[in-house]
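Just below is one structure, and these are the notes that go with it.
Every number here is computed from the coordinates shown, using simple stated rules; none is lab data. These numbers were taken from a predicted model, which means no experiment stands behind them. Every residue, glycine among them, receives a Cβ derived from its backbone with ideal geometry; neighbour counts consider all protein chains shown.
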Amino acid sequence: MSSAQEREDQQAGRGLAIRVSDDGLVGSHVQLPETFETSVAWRNAEGLVIKADNVKFLFSDLRGDIVDGIAENLRRQPSATGLKRPYVQLFFFSELSDDAFKDKGSRISEFVESCTDRSTEWLVAYVSRQGAEESRTDKATLEKFRITLGLTRGGKDRLLVLCVNSTAALESVSWEELSLRLRESLNISIQLKIESLKKEAAQVHANKLLPGWSFCNYVHAYVPQAELFVQLSRLDLALVIFEELEQVLIERKEGGTGFFAADPGEFVANIIDPKAKGYRKMIASGTITELDLRTYLFSSRVEILMEQDRKVQVGETGINFLEFIQGRFEEEFEQTKSEYLRFASYLWGFSASRTLIDALSGLIGQAGKEDGSEKATRRKTAKLIAMCCQHARDQFRAMAEASIPDLFDGMSSAESIPKTPEVARLIHHPDLQGALESRESAWEFYTEMTMQTAEVFRAAGRSSFADRIQIELGQLCLEKGFEKQALELLANHCHQFSVKGGWDL
């Protein structure tokens, strides 16, 4: 699946809930559109109006599922975050008799009390099959519902009269009124929700200098804001929150439970997916390690950057993260002298680099008609992919040198690591695809990665660097006695070889 398709799927699965209570009325007596899209606005702490356009809302039933017949394409993958809490609740009814008043009146009253207790915006809608003129004859009965059941709480009339035609579709005037009232209620609900989340986060933030303060609690309090902004398609605001969380993490040198990694070899290679592991659950319970915590914050940022199609930022952020985490691995090794940890560091760097390569390759797509700016971005992205390729190759070489010491004929720069059962488990890690199972497979895999790295550097406009990589591999082949392979690699790069037939390197 292409990155563009993945972004479309993410956006398609996004939506906030409008909860419907209707005893099956919706779908049989009244047809609602698949989705309701509108602009919403709220004020920030400085009083400035913040807007979000084309926000998608989904009509869901009491179980939180999409209402039958509505947004069927979204039923398979609804947003768990968006549908957990309704932002407006609707109650539909269609009978005005005395018996109906006793039955529906009791249920409407319970509905109103429930919404009030939960501070949820709500509306009650009477669905009429009569035309607009005929519906006015029900005015007295409707007024009885309005007054007796308290449908004007807060000085706002929350009772609507909606007219449907013979096909159960809302008449245009009724849909316009419902849309307007929903928009008003949604603005209020979004404002209250954001204020509530900010207040909760501010309380946790105010205690950050106190003993026993938990960074996990801090993250747990702030992330819901980011999730809401994502649902509102304000990715810029969500990104700011994750950047601020990472900055606090750096300033306080926090690390979750205080352990770098419970088992360094059991890492998640998919460092760009914040849902690849149960990070949120571990944060909530305070059991997350530093490696997982940093991976969660990084992957949350990158997921947003990828949806924004910010290729260069994804690559730069990714490479900085690779270097930082491997630096932390090295610090942990200096303290523990654990050879298992050192090998795990190489493996993590290898796997994480290849994940970034796949992500960036998907973003860069196929070359086509591009303006100067697009070409520059493509070239910068290709360079970042090449850097990731080089990093992955270097980490693989370190693993190969450590587990097969004489593979490079004395050129090893890494210390040999004893093949303990723990290290052996890493050597057989699925991400290595059996490359360290034998001397031959290790050499073949290293050669393949080197040629791949050179190819990507050349595509990035770094031909001289690509040539140097291939020449170094050719020299290594020559020293190992692989003359045919050396000839193929060096013939196009060595002037002395081409002119005089010599190996003057």
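Under the simplified labelling scheme, the GLU444-THR287 pair shows an inter-label distance of 4.2 nm, with each label point 7 Å from Cα along Cα→Cβ. Once both labels are positioned 7 Å from their Cα atoms along Cα-to-Cβ, the gap between GLN31 and SER114 label points is 2.8 nm. Take the Cβ atoms of GLU184 and GLN452, set R0 to 41 Å, and the FRET efficiency comes out at 0.10. Applying 0.36 nm per residue to the separation of ASP358 and ARG85 and subtracting their alpha-carbon distance, the gain on full extension is 94.8 nm. Over the stretch 208-308, the alpha carbon radius of gyration divided by the compact-protein estimate 2.2 N^0.38 Å works out to 1.04. Taking amide H as placed 1.01 Å from N in the peptide plane, the amide H of GLU171 sits under 5 Å from that of CYS163, VAL164, ASN165, each at least 5 places away or on another chain. Each of ILE271, ILE304, LEU237 was placed along the dipole of the stretch 208-308 (beta-carbon charges, centred on the mean Cα), and the one lying farthest toward the positive end is LEU237. Placing R0 at 41 angstrom, the Cβ-Cβ distance between LYS51 and GLU323 gives a FRET efficiency of 0.60 after rounding to 0.05.
If the chain linking THR167 and SER97 were pulled fully straight, counting 0.36 nm for each residue of separation and taking away their Cα-Cα distance, it would gain 22.8 nm.
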